[in-house]
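Remarks on the structure that follows.
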Amino acid sequence: MPSRSSREVQPPGVPSPAHASKALDRNGLVVGAQSPRSCRAEELLWSFDEYRRRVAAEPRSHFFRVGSADQWLFYAGFRHSADPANPDFAALEDFWREFLAACPPSRRLVLVEGEVRLVESDRGRAIGEGGEGGLVAFLANRDGIPDLLSAEPEPAKLVAEHLKRFPRGLVAYAYYARLVPVWHRFAARTSFPEFAAKSPALQVADLNWSRPTVERLHREMFGRAFDERDRDFFARITDPASSSTVINLILREDSRHRDLHMLRTLATAWQAGKHIFVVSGASHAIMQRRAVEMLVRG
């Protein structure tokens, strides 16, 4: 079962925000702007070394909530799955019911990692087609919550950031390769090239990618043919917690940009007085938790 917590523990090394103000600047969330030492969101995200330590200690989904009777933020960090039999989905539904009970309808907002999924006809299909994001889209529709948004940055802006530092071909390769484990998660019901072609990031014109280019780069880097059946290999080279290859490093930077954008989105919604339910990958929940708690308590 997922870990669950509503405790508010002061993160180590971070000044108390009891009388601090919050603000947004062009670099991200500023937490505790009037405290002895102001901390930007990037400083409050865990390092990848700390992330690996925490994941080793807690390898399951990571749910937490912070707030008070006046305003709540529920964060469901999910170990990605598209299996309706996974018990974490029942835990997610319990967490959702707690959100509904605690938060009045007029101020509810639901944020998801990735695209907002289509609303499917039943629970099993919602999970099978869209994983945890699909289930939350189903629940929000069933329970009359119209405010369901993506917490992600626009793919074109994210690609533009990467192209400042990395060659175009390697960025395209990284985005293509990271889809292999996702394709396997959804039982590989279509061919991988067909599945990958639907990716919003790969549709960004600036990437100008092609399968032959990806295959050539793969052979140059790894000395063998691109084989999407090798799920474990692609899971290793696309893991942002690793620094083994340049592909890991590109996707590490990608994950960091996305975490910071999610935090800015959460900050804006929180300052607008929303009760927020977030569903994302467990890695994002673990990485962001300290910053989220500082935001809510500030």
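Sorted by mean Cβ packing within 10 Å, highest first, what order do the peptides 253-264, 96-107 take?
The peptides rank, most packed first, as 253-264, 96-107.
Couplings for segment 283-298, taken from phi via the Karplus curve 6.51 cos²θ - 1.76 cosθ + 1.60 with θ = phi - 60°, read 4, 5, 4, 5, 4, 8, 4, 4, 5, 5, 5, 5, 4, 5, 7, x Hz in order; Gly and Pro are left as x. 3J(HN,Hα) couplings calculated from phi for segment 215-225 with the Karplus curve 6.51 cos²θ - 1.76 cosθ + 1.60 (θ = phi - 60°) are, in sequence order, 5, 5, 4, 4, 5, 5, 7, 10, x, 7, 6 Hz; Gly and Pro show x.
Among 242-250, 79-87, the peptide with the highest mean count of other Cβ atoms within 10 Å heads the list, and the full ranking is 242-250, 79-87.
Here the 3J(HN,Hα) profile of segment 157-167, calculated from phi with Karplus coefficients 6.51, -1.76 and 1.60 at θ = phi - 60°, is 5, 5, 4, 4, 5, 5, 5, 6, 10, 10, x Hz, Gly and Pro shown as x. Amide H contacts of S150 (H built 1.01 Å from N, in plane; Pro and chain starts excluded): V112, V116 sit under 5 Å, all sequence-distant by 5 or more or on other chains.
Computed from the coordinates by the stated procedures, all read-outs in this text should not be read as laboratory data. Keep in mind that what you see is a predicted model, and the values were worked out from it rather than measured. Counting neighbours? That spans all protein chains shown, and the Cβs are built from the backbone with ideal geometry, glycine included.
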